[in-house]
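Questions regarding the structure given below will be posed in turn.
Read-outs: derived from the displayed coordinates by stated rules, not from any lab. Keep in mind that this is a model prediction, so the values were computed, not measured. Using ideal geometry, Cβ is built from the backbone for each residue, glycine included, and neighbour counts are taken over all protein chains shown.
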Amino acid sequence: MRYAMAVDTKKCVGCSDCVVACQTENDVPIGYCRDWVVESTVGTYPQLETEIRSERCNHCDNSPCVRCCPTGASHYSDGGIVLVTKNKCIGCSACIQSCPYDARFTHPDGYVDKCTFCLHRVKKGMEPACVAVCPTKCMYFGDLDDPNSPVSKILKTRKYKVLAPEAGTKPNVYFLI
């Protein structure tokens with residue numbers, strides 16, 4: 001089992017419902033986010049292209065945050081989801097510095113926090129909160145090893161990219177282009 005997410009950059013409108021759902025579902029403190037929306041414009045005028053992406057931890061197969069954690073607080077869980085065990089985290093921020101996606105933050109209580117793909121929901125057969133609330137249905141989640149999962153199906157039919165492929169992290173968040 002390998003969990004992954006795909007975000008359709010052609011359908012995302014940048015509404016931030018995913019961000020609010022995550023904050024609510026995971027009791028994220030005000031002023032902090034486990035996911036966020038990015039608007040990126042590339043090209044040279046007048047040939048510009050704008051892309052809107054809902055970004056988060058990429059739950060990489062080769063996570064530098066897991067490798068550099070001195071206490072083992074950052075670790076792989078079910079389906080390759082990268083998690084942080086709060087009571088093992090010493091707040092050293094080594095994982096924050098090693099993440100090429102800027103996907104972690106120090107929680108006001110002193111431990112490092114990040115997206116969990118809402119593993120507590122997934123274990124109950126539910127979608128992550130961000131996916132469940134998306135009004136444009138631009139987010140797909142599931143098991144890459146299951147050819148019938150929503151994420152497997154969409155990745156077979158669409159072109160996609162990952163962020164910072166040069167980092168060699170083997171991310172499991174894909175952006176449909």
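What net charge is computed for the residues neighbouring MET1, neighbours being all others with C-beta under 14 Å from the C-beta of MET1, Lys and Arg scored +1, Asp and Glu -1?
With Lys, Arg at +1 and Asp, Glu at -1, the net is -3.
Quick check on the exposure proxy: order ASP109, ASP27 from fewest to most C-beta atoms within 10 angstrom.
With the sparsest Cβ surroundings first, the list reads ASP27, ASP109.
So which residue, out of CYS65, CYS99, CYS18, gets the largest mean-square fluctuation from a GNM of the chain using Cα contacts under 10 Å as springs?
CYS99
Rounded to the nearest Å, what's the spacing between the alpha carbon centres of the stretch 1-26 and the stretch 54-79? Just the number, please.
With the stretch 1-26 and the stretch 54-79 each reduced to a Cα centre, they are spaced 19 Å.
Among VAL37, VAL42, which comes first, then next, by fewest other beta-carbon atoms within 10 Å?
Lowest count first: VAL42, VAL37.
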